[in-house]
Amino acid sequence: MERIVNKMLAVTFVCAAVFGLVSFLLRNTDHDIVAQGEEEFELYEYIDIDLQRLDVTVIPYDGEGIRITYKNDLPLAFEIGDNRLSITESTNFVVSLFAGRESEFGLYLYLPRRSFRDITIITGLGDVKIGRVDSRELNVLTESGDILCEDMVSLGKLTTTSGYININFEYVIPETEILSRRGDVDIKLPPESSVSVDFQTDTGECHTDLWSGQVYGSRVYSFNGGDKHITAAVERGTLTIV
């Protein structure tokens, strides 16, 4: 019986090795990169992005239209209608065994330096990094991906389950919301800005050099009169305000 088992294991190993070698030799080299490209679109005021693992970087630039470059293990689908550009992962996908490193993947969205009405970005594992983009509403939702907003000037609703959120406000738009269940949140306020931060938490804590001491539990922090109200709901993580 032991000899039979050993023979079966040996045959299985040889078959797996042969399959792997044949797959490598017969692979389509175009398939190695799976899906990458560059797209250009005219201006749309509403932008929706819904992806699973892909990192998203939004970059303002001095141009007229919208530019997109990407590399992903799944093809992307672009849909246009009603002044809206929607970007999703294609359901007609092909799985590649030679897709390359995930660290090479990403979507780069280049937006003209003008005002947009609504930008919504949803990812599962992917990180989201946003430059100085002016939008009436900026909605970002991740499962475990980090969210980084540089020179924030939009009315934002930033939500994550377990990712890290870092916001550097150029100026604060009232009613901005930052929501995190288990991740930490860092907020940098403009110097001398009049802001109140409604810190809501279950077991989290808030650290700030702008306020004396360290506080556990929910509290409203008021800075320089607190004219502009924002909400930071951090259920279990740490909120840091600088």
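Can you tell me how much longer the chain between E38 and D202 gets when fully stretched, taken as 0.36 nm per residue apart minus their C-alpha distance, in nm with one decimal? Don't jump to the answer; show the numbers that get you there.
Numbers: separation 164, 0.36 × 164 = 59.04 nm, distance 4.45 nm.
In short, 54.6 nm is gained.
According to the square roots a ≥ b ≥ c of the eigenvalues of the Cα gyration tensor, what is the shape class of region 120-242, taking rounded for a/c under 1.5, prolate for a/b larger than b/c otherwise, and oblate for the remainder? Present the calculation step by step, with values, prior to reporting the outcome.
Values: a/c = 1.96, a/b = 1.17, b/c = 1.67.
Oblate.
How far apart, in nm, are the 7 Å Cα→Cβ label points at D134 and R117?
Simple spin-label model gives 1.8 nm for this pair.
Accessible area per residue for region 107-184 in Å², computed with a 1.4 Å probe and the full protein assembly in place, what is it? Spell out each step's value before the answer.
Working: 3170 Å² over 78 residues.
Normalised by residue count, the accessible surface of region 107-184 is 41 Å².
When Lys and Arg each count +1 and Asp and Glu each count -1, what net charge do the other residues less than 11 Å away from I122, Cβ to Cβ, add up to? Please report the intermediate quantities before stating the final value.
Numbers: positive: none; negative: D48, D50, E143.
Around I122, the surrounding residues sum to -3.
Taking the Cβ of N166 as the centre, find all other residues whose Cβ is under 11 Å away and add up their charges (Lys, Arg: +1; Asp, Glu: -1). Provide the component values of the computation, followed by the final result.
Details: positive: K129, K188; negative: D127, D146, E150, D184, D186.
Local net charge: -3.
What order do T203, T240 take when sorted by accessible area (1.4 Å probe), most exposed first? Could the numbers behind the result be given before it?
Details: T203 100, T240 40 Å².
Sorted descending by solvent-accessible area, the residues read T203, T240.
The values are calculated or read from the model by the stated rules, or taken from the named source; none is laboratory data. None of these values were measured; they are calculated from a predicted model. All Cβ positions, even for glycine, are placed from backbone atoms using ideal geometry, and neighbour counts span all protein chains on display. Calculation scope for accessible area: heavy atoms of the full protein, side chains included, ligands and nucleic acids excluded. Shrake-Rupley method; radii C 1.70, N 1.55, O 1.52, S 1.80 Å.
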